[in-house]
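Structure, as structure tokens:
Any read-out appearing in this document is the output of simple, stated calculations on the displayed coordinates, not a laboratory observation. From a predicted model like this one, the values you see are computed outputs, not experimental measurements. Neighbour counts are summed over all protein chains in view; Cβ atoms, including those assigned to glycine, are modelled from backbone coordinates with ideal geometry.
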Amino acid sequence: MSKSTAESSQDTKVSIAGTPGAAITITAVSLAAQAVVTAANTLAAGALVELGAIAHMPELEGELALVVSATGSQFVLDIDTTAYAQAGGTGTAVPQTWVEIANCSDYNGFDGSASDIEASHMRSAAVESRPGLEDFGNITFNIGVDNADAGQLAMRAAKRKRLVTHFLIELPSGALRAFSGYVKKFPESAGTNKLLTSSVEIRIPGAVVSGAPVVATGFDVRPRFGVGSATAGANVAT
């Protein structure tokens, strides 16, 4: 009888973006299934960056991207640029830092679905449709409210200011889910002999970055993501 390979979710960490690191100047971006970026690099595999305006690839501006490998002069992003008209030129990449959100008990989300594009015509034998754009929907974090926690305060501020910001879920295996979103709801629930709780709802207006864990050989070499105060330095995996 085969055993389940489902991984445990215990020790999952949920974070919101902190103060970004110093922008890295890009001089070129290749056309490849995983784009090779030429830059004076200070990043390591596992880092997450937000891309700025890049010459010849304006669609990448504002995208959150995972660094899958790196050297002193280049880093490779898990972004497919093969369909672009030409290679990218100068631009910037901003390393992200992370502030952990305390007391997360569970999450539910990524509940969107691809839209259906009607393709039927008068000679169709049955209804025809094609998949449209993917929608990642919403995600809800159930938390125990801590009015002094930096991560929860950052979510409240993002809601109040109507900001789109970044979020990171790190699973105990080292796999990750990273995405941009805006806080739609931050309700509170209280009662006799109960903790103060909230179900924070976040709308995901774009794609979710999913990263597989790095397999450890000897030492634990899984990616680590910078988690600290809002004044933490650049996120560099160690």
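Things worth noting here:
- GNM top mover of Val127, Val49, Val145 - the chain, alpha-carbon springs below 10 Å: Val127
- Entry note, the chain: the mean residue ellipticity at 222 nm calculated from DSSP H runs of n ≥ 4, each adding -39500 (n - 2.57), is -1500 deg cm²/dmol after division by the residues and rounding to the nearest 500.
- Cα pair distances of region 1-138 binned at 10 Å [whole percent]: 10, 28, 26, 23, 10, 3
- In a fully extended conformation the segment linking Thr71 and Ala148 would gain 23.8 nm over its present Cα-Cα distance, using 0.36 nm per residue.
- Taking Pro95, Pro187, Pro172 in turn, the Gaussian network model of the chain (Cα-Cα springs below 10 Å) assigns the largest fluctuation to Pro187.
- Peptides 157-168, 78-89, ordered by how many other C-beta atoms sit within 10 Å of their residues on average, highest first, read 157-168, 78-89.
- Segments 191-197, 132-138 sorted - mean Cβ within 10 Å per residue, highest first: 132-138, 191-197
- Over the chain, the pair-distance histogram of Cα-Cα distances with 5 Å bins from zero comes to 1, 6, 12, 16, 16, 15, 12, 9, 6, 4, 2, 1, 0, 0 percent, rounded to whole numbers.
- For the peptides 21-30, 173-182, residues were scored by their other Cβ atoms within 10 Å and the scores averaged per peptide; the highest-first order is 173-182, 21-30.
- Annotation: amide H-H contacts under 5 Å for Ala44 (H modelled 1.01 Å from N, sequence separation of 5 or more, or interchain): Ala237.
- Cα-based reach from Lys185 at 22 Å (exclusive), listing lysines while leaving out same-chain residues under 8 positions away: Lys13, Lys159, Lys161, Lys194
- Between Thr90 and Asp135, the distance separating the two model label sites (each 7 Å from Cα on the Cα→Cβ line) works out to 4.1 nm.
- Label-point gap, in nm, between Ala53 and Asn108 - each point 7 angstrom along Cα→Cβ: 4.3
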